[in-house]
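Participant: Got a structure here, written out as structure tokens. Questions coming.
Each value in this text was obtained by applying a stated rule to the coordinates, not by laboratory testing. This one's a predicted model, so the numbers in the text were calculated from it and none came from an experiment.
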Amino acid sequence: MNTIKPEIAERILLLEEKFKNSGQDMGSYLDGLLYDRYLTYWDYIHLDTLLSLQAPKTHFPDEEIFITYHQITELYFKLMIHEQKQIIENDLLTADVFLEKMNRLNRYMRILINSFDVMIKGMDREQFLKFRMALLPASGFQSAGFRMIELYATPIEHLVPFKERANFSTENSIEDLFENIYWKKGGIDLSTGEKTLTLKQFELRYTPRFLRIANSVKENTMYHKYLDLPEIEKNNKELIEALRTFDTNVNINWLLMHMGAAHRYLNKDKKTIAATGGTNWKEFLPPSFQKNSFFPNLWSQEEFDDWGKQWVTHLFNTEK
């Protein structure tokens with residue numbers, strides 16, 4: 001009979017200690033291990049389910065690209081929120097831990113920005129202009145993940161439209177600030193001044209969740225976590241650069257990638273085709289119009305005045 005190696009016996013004793021309060025003896029858990037199937041890669045990541053989630057609404061082949069890329073993007077947003085929560089919920093946050101999480105966030109954003117060529121160059125324009133009509137009134141505008149990233153990153157008063165921002169402060173309620181959040185302007189029908197169905201659907205589905213998040217992180221966003229660091233850690237140059245990079249990638253570069261796609265697919269003969277869902281992308285996307293910044297205290301006035309301006313000027317000049 002084979003003897004049990006000392007290191008195995010030690011682990012069994014540790015497991016017995018771990019499970020002693022569960023109401024089952026160690027033998028039951030060992031039976032469970034004996035009867036359990038071997039884990040496979042496809043079962044672990046639910047591969048068959050994952051690959052079944054692409055359900056195009058039309059027969060155009062490139063719709064498969066469109067829906068798959070958006071699903072990939074939402075998974076990256078989920079990873080970003082996962083990192084943001086670890087920053088926000090850490091009561092012993094240090095500059096080193098903050099920097100590690102920011103490097104992860106910036107890595108995810110860099111991958112998304114670099115991959116956006118899939119949307120800009122990777123689909124047939126004529127196919128897109130046809131299959132998009134089957135998606136109405138759905139729109140990427142309705143990405144709750146991206147809106148959650150914004151709420152976890154910065155105080156909601158930083159997300160009021162730039163031209164109105166001076167009229168709001170922490171004195172306003174979360175509900176009042178949310179009602180005036182910048183992205184709602186993108187869901188207004190410019191011809192009637194009414195909310196589009198796209199915006200109405202989005203508000204109905206997610207407003208309670210958005211308000212819960214905004215209230216839960218009041219004075220405890222990533223912005224606040226940085227301000228709460230000891231002065232010597234707050235001056236960590238690597239951390240400051242990582243925060244500025246995140247700000248730039250989310251609030252300038254990511255928007256510009258969308259503008260590039262909009263110019264390719266929604267501009268024709270110098271005429272603008274309405275975005276899916278009726279959002280007015282020329283008014284909504286340009287970062288120089290919104291001037292959103294998660295960490296405005298890390299930018300000079302000159303930098304803020306030129307926020308995204310050079311890129312947008314170049315982009316608009318290309319259509320003339």
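Participant: Could you go through the range 18-28 in sequence order and give the Karplus-derived ³J(HN,Hα) for each residue, using 6.51 cos²θ - 1.76 cosθ + 1.60 with θ = phi - 60°, rounded to whole Hz, and x for Gly and Pro?
Facilitator: Karplus values, whole Hz, x for Gly and Pro: 4, 9, 5, 8, 8, x, 10, 7, 4, x, 5.
Participant: While we're here: Top mean-square fluctuation among Lys200, Lys18, Lys57, Gaussian network model of the chain, C-alpha springs under 10 Å?
Facilitator: Evaluated over the chain, the most mobile residue of the options is Lys18.
Participant: Same structure, new question: Taking θ as phi - 60°, what are the ³J(HN,Hα) couplings along the range 126-142 by the Karplus curve (6.51, -1.76, 1.60), each to the nearest whole Hz, with x for Gly and Pro?
Facilitator: Residue by residue, the range 126-142 yields 5, 4, 4, 5, 8, 6, 4, 5, 7, 9, 4, x, 4, 7, x, 3, 8 Hz.
Participant: Where does helix 144-153 land angle-wise versus the long Cα axis of the chain, in degrees 0 to 90, nearest 10?
Facilitator: Taking Cα atoms only, the helix is inclined about 80 degrees.
Participant: Pick out which of Arg132, Arg212, Arg110 has the largest mean-square fluctuation in a Gaussian network model of the chain, springs linking Cα atoms closer than 10 Å.
Facilitator: Arg212
Participant: Over its Cα atoms, what ratio of radius of gyration to 2.2 N^0.38 Å does the chain give?
Facilitator: Taking the Cα Rg and dividing by 2.2 N^0.38 Å, one obtains 1.23.
Participant: While we're here: Any idea what angle helix 63-88 forms with the longest principal axis of the chain, computed on alpha-carbon atoms, 0 to 90 degrees, nearest 10?
Facilitator: It is inclined by approximately 70 degrees.
Participant: On a 0 to 90° scale, report how tilted helix 95-115 is relative to the longest principal axis of the chain, with both axes built from alpha carbons and the result rounded to the nearest 10.
Facilitator: For 95-115 against the chain, the angle is about 60 degrees.
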